[in-house]
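Participant: Can you read through this structure? Questions will come right after.
The values are calculated or read from the model by the stated rules, or taken from the named source; none is laboratory data. Everything quoted here is computed from the prediction, not taken from an experiment. Glycine also receives a Cβ, built like all others from the backbone with ideal geometry; neighbour counts cover every protein chain displayed. Calculation scope for accessible area: heavy atoms of the full protein, side chains included, ligands and nucleic acids excluded. Shrake-Rupley method; radii C 1.70, N 1.55, O 1.52, S 1.80 Å.
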Amino acid sequence: MTNSAPTVAQAIAHALKRHGIDVIFGQSLPSAVILAAEAIGIRQIAYRQENMGGAMADGFARVSGRVSVVAAQNGPAATLLVAPLAEAMKASIPIVALVQEVERPQVDKNAFQELDHIALFASCAKWTRKLSGADRVEDYVDAAFAAAASGRPGPAVLLLPADLLREAAVPSQFERSACYGRFPLDRIRPAEADIEAVARAIVAARHPVVMAGGGALSIGAPEALARLQDLAGLPVFTTNMGKGAVDERHPLSCGVLGALVGPASLGRYTRSLLAEADLILQVGTRNNQNGTDSWRLIPPTARLIQIDIDPQEIGRNYEATRLVGTAVETLDALTEALRRMDLSARTGARPALETRIATAWRRFEAARGPLVQHNTSPIRPERVMAELQTLLTPDTIVAADASYSSMWIVGQLRGLAPGMRFLTPRGLAGLGWGLPLAMGAKVAKPDARVVALVGDGGFAHSWAELETMVRMGIALTVVVLNNGILGYQKDAETVKFGTYTTACHFAPVDHVAIARACGCVGIRVDTPSEILPALRDAIASSQPTLIEIITDPGAHPAISLYDGTLDHAVAAEPELV
């Protein structure tokens, strides 16, 4: 081998560059690939733990619209990628994972950290292959990116034998120059006859509505949905994952529904609009349990029309008219078809709809008013959200951990533009991913203001990445709602069993001290009057900042599970008519 001959590792790095990769979330392994990548200007964001690195790659892909890359060692490091890749699989996020394999002569000999990685990733990746030889580098890298970005996006795993990485690459006689680094890779739309039929159905419907899921946040889709919403006068609900797909200040925007239908929720006053719908146009939503309040929200008399890039998702839980295609192309085609039709009925119905939706928002604001204005300690999370709302711009990115943190964001904050990003790990909803999602988002958009909202329970999974923020220069604001408990666990167990386990309470933790020990700015907030100044200073700062807010352990989002149980003392408001 001569010094001028590129190694397999170097060929991989150049192939990544061709697909637009300028960042790898890694921890120096596979070392040969990381060294080769850094030598050509690809930055390594060196996480502290693979679980967090996978979530960083997830956040990066969601915000950038690009395929992200995470790298890991074989064995235990690889196993720690399973959880974030499973989230990405459920949430349709394209990630290419580069995982080192043991050297080929050591296979099946109980080599150090040897594991069957193909079996390991079988349930959480669309595609898992092992690089077969020095002459197939570009073939396999391209196949990994095509698998991740095409059809329904998701993770792809490329296994790299350590000894093969050191070999000289064998140039292919067929040059590859394509870039598969953006998603969706293939732009497709349904047949014109199917588009026309759906457009006619919308015109004929008396009460059509839209339900927008995470797929409505794909590139160009929010703007396309906004055009359809305006033209056809369609009320739009979003799922938790679809939060941000529409401007929630738009007079036809109904906010997030899902399970958020308890007392003092917006859904309490908007759900009747969905219940009365005779046609529901669904955009990129899986009709999962959370998005449909355990499959109770969809009226059995409504006709469902599903737009989805994944043919198998259409009709999974409800029979639906099929529109298989990418969201932006399908929505734009539907809008163009509607322009050629008589929309006078839709135009005539719009003023009453707008009045009804505005009334629902007003009633929501009035119902949550005492919680938002709560002025004693410990602090209500609704008060924190109200103060944060005043500092948001359409370009602010808000990320949340799973469980209550996600619910506070999707149920209490209001989106300010189509495509505003609220990142919540609702694909699999594992604790600990709020901070790394925010970090990946900040790496993707360094100039954006990024806020991560986490509970003290979930944050315990990701403390170590505070040091990563400092070391890698990732300046964002982390808001820790510290109530000293696993809130959802405690409340759900109380509802279901009348008591809760000893795991639900924590010993006191000084999160500010942890943040300062890692080099972050740390601020503790004990009283409501301290919230806004702390948030304002942190969001404007160029330093990684943690704000620990001591919150009420009795506070919980207004989800249906607690309506009539924990919230039995709250009088049910009459439905909006």
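Participant: Is it the case that region 284-295 has a residue that's open to solvent by less than 10 Å² (accessible area, probe 1.4 Å) and touching a Lys or Arg at 6+ places or on another chain (Cβ under 8 Å)?
Facilitator: Checking region 284-295: at least one residue is open to solvent by less than 10 Å² (accessible area, probe 1.4 Å) and touching a Lys or Arg at 6+ places or on another chain (Cβ under 8 Å).
Participant: Could you grab the pairs with beta carbons closer than 9 Å, sequence gap of 6+ or different chains, first residue in region 167-196 and of a type outside the set (A, V, I, L, M, F, W, C), second one in a loop (DSSP other than H, G, I, E, B) and open to solvent by 80 Å² or more (accessible area, probe 1.4 Å)?
Facilitator: Qualifying pairs under 9 Å: GLU167/MET1; PRO171/ASP135; SER172/ASP135; SER172/ARG136; ARG182/ILE219; PRO184/ILE219; GLU196/ARG340.
Participant: Which one of these is open to solvent by less than 40 Å² (accessible area, probe 1.4 Å) and either touching a His at 6+ places or on another chain (Cβ under 6 Å) or more than 30 Å from ALA86 (Cα to Cα) (or both): LEU371, LEU343?
Facilitator: Every option except LEU343 fails the conditions.
Participant: Hey, which of the strands (runs of 3 or more DSSP E) in region 82-186, taking only ones fully inside, have at least 3 residues that are of a type outside the set (Lys, Arg)?
Facilitator: 95-101, 155-161
Participant: List the number of the failed condition for VAL398; all other conditions in (1) open to solvent by less than 30 Å² (accessible area, probe 1.4 Å); (2) part of a loop (DSSP other than H, G, I, E, B) hold.
Facilitator: Of the numbered conditions (1) open to solvent by less than 30 Å² (accessible area, probe 1.4 Å); (2) part of a loop (DSSP other than H, G, I, E, B), the odd one out for VAL398 is (2).
Participant: If only one of ARG249, ARG339 is modelled with pLDDT of 95 or more, of a type outside the set (A, V, I, L, M) and under 24 Å from ARG363 (Cβ atoms), which one is it?
Facilitator: Going through ARG249, ARG339 in turn, the sole match is ARG249.
Participant: Being hydroxyl-bearing (Ser, Thr, Tyr) and crowded, with 18+ Cβ neighbours inside 10 Å is true for just one of THR301, THR335. Which residue is that?
Facilitator: THR335
Participant: Let me ask something else. From the list ALA503, ALA507, pick out the single residue that is open to solvent by 50 Å² or more (accessible area, probe 1.4 Å) and in a loop (DSSP other than H, G, I, E, B). Spell out the reasoning first.
Facilitator: Numbers: ALA503 fails: in a loop (DSSP other than H, G, I, E, B).
Of the residues listed, the single one that is open to solvent by 50 Å² or more (accessible area, probe 1.4 Å) and in a loop (DSSP other than H, G, I, E, B) is ALA507.
Participant: Looking at ILE40, ILE118, ILE21, which is the one that is hydrophobic (A, V, I, L, M, F, W, C), crowded, with 16+ Cβ neighbours inside 10 Å and modelled with pLDDT of 95 or more?
Facilitator: ILE21
Participant: Failed condition for GLU50, given (1) among the charged types (D, E, K, R); (2) open to solvent by 10 Å² or more (accessible area, probe 1.4 Å); (3) within 13 Å of the chain's Cα centre (by Cα), with all others met?
Facilitator: Among (1) among the charged types (D, E, K, R); (2) open to solvent by 10 Å² or more (accessible area, probe 1.4 Å); (3) within 13 Å of the chain's Cα centre (by Cα), the lone unmet condition for GLU50 is (3).
Participant: Tell me, yes or no, whether region 271-285 has at least one residue that is within 20 Å of ILE309 (Cα to Cα), at pLDDT below 95 and in contact with a Ser or Thr (Cβ under 7 Å, 6 or more places away or on another chain).
Facilitator: No: region 271-285 contains no residue that is within 20 Å of ILE309 (Cα to Cα), at pLDDT below 95 and in contact with a Ser or Thr (Cβ under 7 Å, 6 or more places away or on another chain).
Participant: Okay, moving on. Of the conditions (1) surrounded by fewer than 21 Cβ atoms within 10 Å (Cβ to Cβ); (2) assigned to a loop (DSSP other than H, G, I, E, B), VAL203 fails just one. Which one is it?
Facilitator: (2)
Participant: Might you check whether a residue that is among the acidic types (Asp, Glu) and either over 29 Å from PHE60 (Cα atoms) or modelled with pLDDT under 95 (or both) occurs anywhere in region 508-523?
Facilitator: Within region 508-523 (the criterion being among the acidic types (Asp, Glu) and either over 29 Å from PHE60 (Cα atoms) or modelled with pLDDT under 95 (or both)), the answer is yes, since at least one residue qualifies.
Participant: Among the listed residues GLU548, GLU530, identify the single one that is open to solvent by 50 Å² or more (accessible area, probe 1.4 Å) and within 19 Å of TRP408 (Cβ to Cβ).
Facilitator: Exactly one residue qualifies, and that residue is GLU530.
Participant: Out of curiosity, is ARG271 touching a residue at least 12 places away in the same chain (Cβ under 8 Å), of a type outside the set (A, V, I, L, M) and under 17 Å from LEU353 (Cα atoms)?
Facilitator: So ARG271 passes the test.
Participant: Given ILE45, ILE93, which one is open to solvent by less than 30 Å² (accessible area, probe 1.4 Å), touching a Pro at 6+ places or on another chain (Cβ under 7 Å) and under 30 Å from ASN240 (Cα atoms)?
Facilitator: When all the criteria are applied, what remains is ILE93.
Participant: Here is a follow-up. Please enumerate the residues belonging to region 277-330 that are touching a residue at least 60 places away in the same chain (Cβ under 8 Å) and among the aliphatic types (A, V, I, L, M).
Facilitator: Matches in region 277-330: ALA277, LEU279, ILE280, LEU281, VAL283, ILE305, ILE307, ILE309, LEU323, VAL324, ALA327, VAL328.
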